[in-house]
Amino acid sequence: MIEKISKKVDEYNNDMALLLEKLVNIDSGRDNPEGIDKVAHAVGDILNSIGFKVEYLEHPGICTHVLAHKEGTGKKNVMVIGHIDTVFSKGTAAKRPFTIKEDKAYGPGVLDMKGGVVIALSALKALHDLNWNEKNITVLFCGDEESGHPVLDTPELFTKEAEGKDAVFNMETGSDDGAVVVARKGVMYPDMTVKGIDVHAGKDPQKGASAVLELAHKIIALHNLTDYESGITYNVGVIEGGTVANAVAGEAHAKIDIRFKTCEQGEKALDDLRKVVKKTYVPGTHTTISHEKVSFMPMEQTEEGMKLFKVVQEQGRKLGIEPEIKPIFVGGGSDACWTTMAGVPSVCAMGARGELNHGEREYIQVYSLNERAKLLACSIVAF
């Protein structure tokens with residue numbers, strides 16, 4: 001079957017590049033729900049053409065999810081997941097559209113993760129064209145992953161659809177060395193707001209209470225909580241406050257990133273955050289936090305997940321993929337956490353080989369569209 005899959009996927013090389021160009025050149029950031037919907041329907045049309053029953057879970061003004069099912073002749077159930085949104089704002093594709101230079105493809109979201117979407121569609125098409133239909137397959141591509149599912153109950157959707165599945169393949173960002181992710185950190189993105197007392201900085205400074213100074217103390221306190229050995233990290237990535245230089249700042253804000261390895265660590269990290277918020281350094285200030293919701297729980301490594309990884313690794317050997325596929329743990333969150341928490345063996349980062357996602361230099365190795373489509377198709381057949 002490996003040889004048949006390889007020959008069939010080889011026939012799609014040009015089509016894969018054209019489809020990737022089409023998807024990359026559609027802006028699908030959070031500020032463009034119409035673009036997300038357009039990508040969703042482009043993906044759904046292909047799934048429909050290869051025998052899937054497709055649903056578009058539309059949320060006007062937010063995003064569209066693609067949910068598709070295909071009934072097989074066997075009893076095993078496989079799920080392929082990912083996302084169709086990107087971090088890039090409307091207009092980015094027009095400024096730097098899809099391009100290929102020296103065997104690398106560039107463009108907004110080419111790696112994270114429209115390359116992975118193309119790989120999944122190509123693998124499923126190869127199985128369809130070979131008349132292989134021995135497993136029940138569910139596909140779920142969501143439209144709000146990059147924003148951390150701030151509004152919708154998308155995690156519950158992933159958990160519900162994962163129930164009863166035997167394996168999950170997440171088509172997230174691959175790495176340049178071809179490794180596959182078997183564990184990820186959890187992620188929280190809380191916001192902090194400090195209220196102070198604004199007064200003239202020259203006339204009445206002693207009557208004020210600087211929100212900026214209070215925030216500065218709290219930023220240092222939060223960063224001091226980082227423990228690289230245990231895996232808990234805090235990063236205050238965005239700050240703003242005050243109005244003019246000659247006024248004591250009456251308000252200040254910070255956006256925070258917290259990462260953790262286990263669910264227990266997540267609870268501790270949130271508790272420590274609340275302690276910092278509660279402590280007052282500058283009398284007269286008051287601090288609150290919002291968006292305490294966990295965006296992604298940890299994808300903890302499991303014995304069953306490692307068994308599924310071994311299947312992927314073995315298929316890589318049979319396909320002659322070099323270097324040998326390795327299992328890795330990474331700090332970035334993904335929706336594979338929800339399927340893992342549902343008790344389903346899951347592997348992540350089955351997408352294209354590449355690096356530098358979320359930036360202007362984001363790229364994929366074009367050859368990996370072919371390689372990873374073969375790997376996914378063979379792994380679906382083999383597990």
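Here the range 3-75 is treated as an ellipsoid with the same Cα gyration tensor; its semi-axes, largest first and in whole Å, are 26, 19, 7.
Taking S147, S49, S368 in turn, the Gaussian network model of the chain (Cα-Cα springs below 10 Å) assigns the largest fluctuation to S49. Label-to-label distance for E304 and A382 is 2.1 nm, based on points extended 7 Å past Cα in the beta-carbon direction. Across q = 0.09, 0.14 Å⁻¹, the range 1-129 modelled as identical point scatterers on its alpha-carbon atoms has Debye log10 I(q)/I(0) values of -0.27, -0.65, in the order of the q list. Taking label points 7 Å from Cα along the Cα-to-Cβ direction, S290 and Y56 give a separation of 3.2 nm.
Dividing the alpha-carbon radius of gyration of the range 317-383 by the rule-of-thumb value 2.2 N^0.38 Å gives 1.25. When Rg and the Kirkwood radius Rh are both evaluated on Cα atoms of the range 202-301, their ratio Rg/Rh stands at 1.06. K135 sits among other residues whose Cβ lies under 11 Å from its own Cβ, and their net charge, with Lys and Arg +1 and Asp and Glu -1, is +1.
Treating r as the C-beta distance of N224 and R96 and R0 as 30 Å, the FRET efficiency rounds to 0.20.
Using mean Cβ contacts within 10 Å as the protection proxy, how do 80-88, 263-271, 335-343 order, highest first?
Numbers: 80-88: 27.4, 263-271: 15.7, 335-343: 23.9.
Per-residue mean Cβ counts within 10 Å order the peptides as 80-88, 335-343, 263-271.
Other residues lying with their Cβ under 11 Å from the Cβ of N170 contribute a combined charge of -2, Lys and Arg counting +1, Asp and Glu -1.
Taking a probe of 1.4 Å, how large is the accessible area per residue of the range 208-282, in Å²? Don't jump to the answer; show the numbers that get you there.
Values: 4070 Å² over 75 residues.
Counting only protein heavy atoms, the per-residue value for the range 208-282 is 54 Å².
Compared with the dominant Cα axis of the chain, that is its longest principal axis, helix 33-49 is turned about 20°.
Overall, the accessible surface of the chain at a probe of 1.4 angstrom is composed of carbon and sulfur to the extent of 51 percent. Phi-derived couplings, Karplus 6.51 cos²θ - 1.76 cosθ + 1.60 at θ = phi - 60°, listed residue by residue for the range 55-65: 10, 10, 8, 8, 10, x, x, 10, 5, 10, 9 Hz, with x used for Gly and Pro. Excluding D191 itself, what net charge comes from residues whose Cβ is under 10 Å from its Cβ, given Lys and Arg +1 and Asp and Glu -1? Taking every Cβ under 10 Å from that of D191, the sum is 0. The residues of the range 66-105 expose on average 52 square angstrom of accessible surface per residue, using a 1.4 Å probe on protein heavy atoms. Note on H253 and K4: the model spin-label points, each 7 Å out from Cα along the C-beta direction, lie 5.7 nm apart. Taken over the C-alpha atoms, the range 126-249 has Rg and Dmax values of 24.1, 81 angstrom. Between helix 303-319 and the chain there is an angle of about 50 degrees, using the helix long axis and the longest principal axis of the Cα atoms. Estimated from helices alone, the mean residue ellipticity of the chain at 222 nm is -11000 deg cm²/dmol (sum of -39500 (n - 2.57) over DSSP H runs with n ≥ 4, per residue).
Could you tell me which trypsin sites (Lys or Arg not before Pro) in the range 6-106 are loop residues by DSSP with no more than 13 other beta carbons within 10 angstrom of their beta carbon?
Numbers: sites: K7, K8, K22, R30, K38, K53, K70, K75, K76, K90, K95, K101, K104; in loops: R30, K75, K76, K90.
For trypsin sites (Lys or Arg not before Pro) across the range 6-106 that sit outside H, G, I, E and B with at most 13 neighbouring Cβ atoms in 10 Å, the list reads K75.
For the chain, the longest principal axis of the Cα atoms and the long axis of helix 13-24 meet at an angle of about 30 degrees. Over the range 249-383, all Cα pairs binned in 5 Å intervals from 0 give whole-percent P(r) values of 2, 8, 14, 15, 15, 13, 10, 8, 6, 5, 3, 2, 1, 0, listed from short to long. Its Cα gyration tensor gives the range 80-170 an equivalent ellipsoid. The semi-axes, each the square root of 5 times an eigenvalue, are 27, 21, 8 Å from largest down.
Just flag the trypsin sites (Lys or Arg not before Pro) in the range 164-262 sitting in loop per DSSP whose Cβ has no more than 13 other Cβ atoms within 10 Å.
Details: sites: K165, R184, K185, K195, K203, K207, K218, K255, R259, K261; in loops: K165, K185, K203, K261.
Filter output for the range 164-262: K203.
Taken over the chain, the percentage of Cα pairs per 20 Å bin, counting from 0 up to the bin with the maximum distance, is 28, 51, 18, 3, 0. Taking a quarter of the surface of the Cα convex hull of the range 250-294 gives a mean projected area of 3.5 nm².
The values are calculated or read from the model by the stated rules, or taken from the named source; none is laboratory data. Values in this document were obtained by computation on a predicted structure and should not be read as measured data. Note that each Cβ is placed from the backbone with ideal geometry, even for glycine, and that neighbours are counted across all protein chains shown. In case anyone asks, the SASA skips ligands and DNA or RNA and just uses the protein heavy atoms, side chains included. Shrake-Rupley method; radii C 1.70, N 1.55, O 1.52, S 1.80 Å.
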